[in-house]
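Written below as structure tokens is the structure these notes are about.
The values are calculated or read from the model by the stated rules, or taken from the named source; none is laboratory data. Please read these numbers as outputs of a predicted model, since none were measured by experiment. Cβ: placed from backbone, ideal geometry, glycine included. Neighbour counts: every protein chain shown. The accessibility values were calculated without ligands, DNA or RNA, using every heavy atom of the protein model including side chains. Shrake-Rupley method; radii C 1.70, N 1.55, O 1.52, S 1.80 Å.
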Amino acid sequence: MHFDIFTLFPAMFAGPLDDSIVMRARAAGIVSLALHNIRDYAEGRHAITDDYPYGGGGGMVMKPEPIFRAVESVLGLPSRSAGDESDPDQPRQPIPIILLTPQGRRFDQSVALELADHARIALICGRYEGVDERIRRRLCTDEISIGDFVLSGGELAAMILVDAVTRLLPGALGAEQGAADDSHATGLLEYPHYTRPPDFRGWRVPEMLLSGHHANVQRWRRQQALLRTALRRPDMLETAWLTDDDLSFLARLEQEPQLTERLQMGL
Ligand code: ADE
């Protein structure tokens, strides 16, 4: 999987993508990243990338020319203009060109899975008050938001997307770890984790986990995941894939408040 990231602030990416799982996946050739400075594609001595909005109002708007030029040249796309649009022979451009913007569709685990299927993805990091509408409408194939809040630009959002997608790629997490049990991957929040020591300052690891009884441990984990999801994110239960056992367990939780209390203590 290859990411082309178009940004005015490539230095922001040093750090988060140079460490840990993403760096290991890069070293192993599972994922590669190329940072493209939009300013390098701006013309003139001042390499201007933004301008005042037509119609007035505050803030600056990112100009279309440098971004179109950057994306078309890096992805090897023909430079299209209004006259080309009705040409039915134009092949569809297969590489997703994604604008990171708070106006986009909401990023979640299912979007990460969808993106992990592509061999190459282009990410455009918007800045200032926004980008010229022609970038959205005529260049991008998708717009993604990482949540209902406004960041100073799309860079942090792009890093989050790269991280979430990379960990889904085969081999990225190493042999013994898997993304399959992650919170959200199963449609449920993840069960609680414990490690040694079994007794830390008098706070003990639930006996069930010390029992070594694999089937009971699996059942305990599933029930804890269901409980946690029911308490914290009941909306997720509407779309999670649930077995008959899960459904009867959830029904019992509703009927027996003491059961919830007992399970929350890890018993
Ligand atoms: N740029 C600014 N805010 C953003 C958000 N919430 N998601 C994606 N890109 C953004």
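Using the alpha-carbon centroid of each, what span in Å lies between the range 162-205 and the range 45-107?
Measuring centre to centre over Cα atoms gives 39 Å.
Residue separation times 0.36 nm, minus the C-alpha to C-alpha distance between Gln255 and Arg233: what's the value?
Numbers: separation 22, 0.36 × 22 = 7.92 nm, distance 1.88 nm.
The Gln255-Arg233 span can extend by a further 6.0 nm.
Keeping all protein chains in position, work out how much accessible area Glu114 exposes to a 1.4 Å probe, and write it in Å² to the nearest 10.
Surface open to solvent at Glu114 totals about 80 Å².
Give me the net charge for the shell around Arg137: Cβ to Cβ below 13 angstrom, other residues only, Lys and Arg +1, Asp and Glu -1.
Details: positive: Arg80, Arg134, Arg136, Arg138; negative: Glu85, Asp132, Glu133, Asp142, Glu143.
Overall, the nearby charge balance is -1.
Loop only per DSSP, at most 10 neighbouring Cβ atoms within 10 Å: give me the chymotrypsin sites (Phe, Trp or Tyr not before Pro) in the range 67-172, ordered by residue number. Intermediate results must be reported in sequence, preceding the final value.
Values: sites: Phe68, Phe107, Tyr128, Phe149; in loops: Phe107, Tyr128, Phe149.
In loop regions of the range 67-172 (DSSP not H, G, I, E or B), the sparsely surrounded chymotrypsin sites (Phe, Trp or Tyr not before Pro) are Phe149.
Rounded to the nearest 5, what % of DSSP beta bridges with both residues in the chain are antiparallel? Write out the running numbers ahead of the final one.
On the way: 4 of 26 bridges.
Given both bridge residues lie in the chain, the antiparallel proportion sits at roughly 15 percent.
Mind ranking Leu250, Leu227 by accessible surface for me, highest first, 1.4 Å probe? Walk me through the numbers on the way to the answer.
Details: Leu250 25, Leu227 5 Å².
Heavy-atom accessible area, descending, gives Leu250, Leu227.
What is the dipole size for the chain, taken about its Cα centre, with +1 at each Lys and Arg Cβ and -1 at each Asp and Glu Cβ, in debye to the nearest 20?
Details: 28 positive and 38 negative charges, 128 e Å.
That gives a dipole near 620 debye.
Quote to one decimal, in nm, the extra length available between Asp245 and Val74 on full extension: 0.36 nm per residue of separation minus the C-alpha distance between them. Kindly include the intermediate steps, with their values, before the conclusion.
On the way: separation 171, 0.36 × 171 = 61.56 nm, distance 5.19 nm.
Separation in residues times 0.36 nm, less the Cα-Cα distance, equals 56.4 nm.
If you build a Gaussian network model of the chain, linking Cα atoms that sit under 10 Å apart, which residue out of Ala47, Ala25, Ala157 swings the most?
Result: Ala47 has the largest fluctuation of those listed.
Amide H to amide H under 5 Å from Glu190: which residues, 5+ apart in sequence or cross-chain, H placed 1.01 Å off N in plane?
The list, which skips near neighbours in sequence, is Ser183, His184.
Using only alpha carbon pairs under 8 Å that are at least six residues apart, calculate the relative contact order of the chain and give it in whole percent. Could you put the intermediate results ahead of the total?
Working: 351 pairs, mean separation 48.5, N = 267.
The value is 18 percent.
Before rounding to the nearest 500, sum -39500 (n - 2.57) across all DSSP H runs of length at least 4 in the chain and divide by the residue total; then give [θ] at 222 nm in deg cm²/dmol. Intermediate values should be presented prior to the final figure.
On the way: 10 runs with 92 residues, N = 267.
Dividing the helical sum by the residues of the chain leaves -10000 deg cm²/dmol.
Provide the per-residue ³J(HN,Hα) series for the range 56-73, in order, calculated from phi with Karplus coefficients 6.51, -1.76, 1.60 and θ = phi - 60°, each as a whole number of Hz, with x at glycine and proline positions.
x, x, x, x, 10, 10, 5, 6, x, 4, x, 6, 4, 5, 4, 5, 5, 6
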